[in-house]
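Asker: Starting off with a structure, shown below.
The values are calculated or read from the model by the stated rules, or taken from the named source; none is laboratory data. Not measured: the values here are computed from a predicted model. Note that we place each Cβ from the backbone using ideal geometry, even for glycine, and neighbour counts take in every protein chain shown. What goes into the accessible areas is simple: the full protein's heavy atoms, side chains included, and nothing from ligands, DNA or RNA. Shrake-Rupley method; radii C 1.70, N 1.55, O 1.52, S 1.80 Å.
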Amino acid sequence: MSFSGLVQRFHLWAGLILGVQIVLWMLSGVVMTWFALDLVRGERAALSAPPPELDARGYAAPGGVIAQMDGAYSVELRHFLERVVYEVDSADGKALFDADTAEKISPIDERTAKRVAEADYVGEGALARIMLMTSPPAEYKGSRPVWRADFSDRLHTRLYISRETGRVVARRNDIWRIYDFFRMVHIMDYEERTNFNNPLARAASAAGLAFAFSGLIMLFLKSGRRKLAGDVSFIIGLVRPRKKDAQ
């Protein structure tokens, strides 16, 4: 088989293989650009008010809470519901402590998780249920067990609340589920749905480049030489004097 025939066959098979994925890239790109990110992330139904200022009263010494956590490396003073707390990060995880008494208050219970969910949510629905999940669905990939609060709005908003810190660590809804599916298709990560550098994406990108390069080679092989000869003849015609001009 000639080199030209080999390139044509490679270009044909590469086009057949890539064609479906190219359509999926285009379709998923359109879908992802259709939805606003604040809607996808559930931020439209989340409280956006700034946290209250800390007062100047004396708090328990942070050393007292650090001593209760092995391998502590970070302490943050912040508000949590109606109280001020220390949030401590350590090699073993995170925990909350009352800033006045240095008493440990995590893991938070169901009643507290419910208060967090209701304080964070400002949508049109109401809290339908709250549950502690040891095996949450794939839409949540953080630490577990985790509290999940379901609301009765039209998008079925779901809040995931950390048992250790009382923070809302993930917001999900039906729009997020649609967006996440097409994002998975777009980046070709069908397992974790987060890795842009997975082998499938790399292979498809390399195949796309090879497809384009083989097309350029075919273009040159079919018309390159003819076009080059025509350009040379045109230039010669401009330079060569005509007979009337010579007379």
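Asker: When the gyration tensor of the range 14-64 is built from Cα positions, what are the square roots of 5 times its three eigenvalues, in whole Å, from largest to smallest?
Answerer: Output for the range 14-64: semi-axes of 51, 17, 6 Å.
Asker: Let me ask something else. Given the rule -39500 (n - 2.57) for each run of at least 4 DSSP H residues, summed and divided by the residues of the chain, what is its mean residue ellipticity at 222 nm, to the nearest 500 deg cm²/dmol?
Answerer: Only helices count here, giving -13500 deg cm²/dmol.
Asker: Is the range 42-139 best put as rounded, prolate or oblate by its Cα gyration tensor, with a ≥ b ≥ c the root eigenvalues, rounded for a/c under 1.5, and otherwise prolate when a/b is larger than b/c, oblate when not?
Answerer: oblate
Asker: If ligands, DNA and RNA are left out, what is the accessible area of residue 143 with a 1.4 Å probe, given in Å² to the nearest 10?
Answerer: 70 Å²
Asker: Over the range 1-121, what is the relative contact order in whole percent, taking alpha-carbon pairs under 8 Å and six or more residues apart?
Answerer: Here the relative contact order equals 17 percent.
Asker: Name the residue from 143, 173, 155 whose Cα lies farthest towards the positive end of the charge dipole of the range 138-179, charges +1 on Cβ of Lys and Arg and -1 on Cβ of Asp and Glu.
Answerer: Selected residue: 143.
Asker: Measure nothing fancy, just the Cα-based angle from helix 199-219's long axis to the longest principal axis of the chain, in degrees from 0 to 90, nearest 10.
Answerer: 20 degrees
Asker: Now for a separate question. Calculate how steeply helix 225-239 sits against the longest principal axis of the alpha-carbon atoms of the chain, using the helix alpha-carbon long axis, and give the answer as 0 to 90 degrees to the nearest 10.
Answerer: That helix lies at roughly 60 degrees to the long axis.
Asker: If you project the alpha carbons of the range 145-188 onto their three principal axes, what span does each projection cover, largest first, in Å?
Answerer: 34, 25, 13
Asker: Which FRET efficiency value, to the nearest 0.05, is calculated for residue 197 and residue 48 with the Förster distance at 41 angstrom and r the Cβ-Cβ distance?
Answerer: The calculated FRET efficiency here is 0.75.
Asker: Pull out the extension gain between residue 26 and residue 75, defined as 0.36 nm times the separation in residues minus the alpha carbon to alpha carbon distance; nm, one decimal.
Answerer: Gain on extension, residue 26 to residue 75, equals 13.0 nm.
Asker: Just the accessible area per residue of the chain, please: how many Å² with a 1.4 Å probe?
Answerer: Per-residue accessible area for the chain comes out at 65 Å².
Asker: Report the gain in length on full extension from residue 92 to residue 207: 0.36 nm times residue separation, minus Cα-Cα distance, nm rounded to one decimal.
Answerer: 36.9 nm
Asker: Using a 1.4 angstrom probe on heavy atoms only, work out the carbon and sulfur share of the accessible area of the chain in %. Let's see the in-between values first.
Answerer: On the way: 9590 of 16130 Å².
The nonpolar share, carbon plus sulfur, comes to 59 percent.
Asker: Sticking with this one: Using the charge dipole of the range 95-136 (Lys, Arg: +1 at Cβ; Asp, Glu: -1 at Cβ; taken about the Cα centre), state which of 116, 99, 126 has its Cα farthest towards the positive end.
Answerer: Toward the positive end, the furthest listed residue is 126.
Asker: Quote the accessible area belonging to residue 100 in square angstrom, nearest 10, computed with a 1.4 Å probe and with ligands, DNA and RNA left uncounted.
Answerer: 80 Å²
Asker: Provide the per-residue ³J(HN,Hα) series for the range 149-154, in order, calculated from phi with Karplus coefficients 6.51, -1.76, 1.60 and θ = phi - 60°, each as a whole number of Hz, with x at glycine and proline positions.
Answerer: Residue by residue, the range 149-154 yields 10, 9, 10, 9, 7, 5 Hz.
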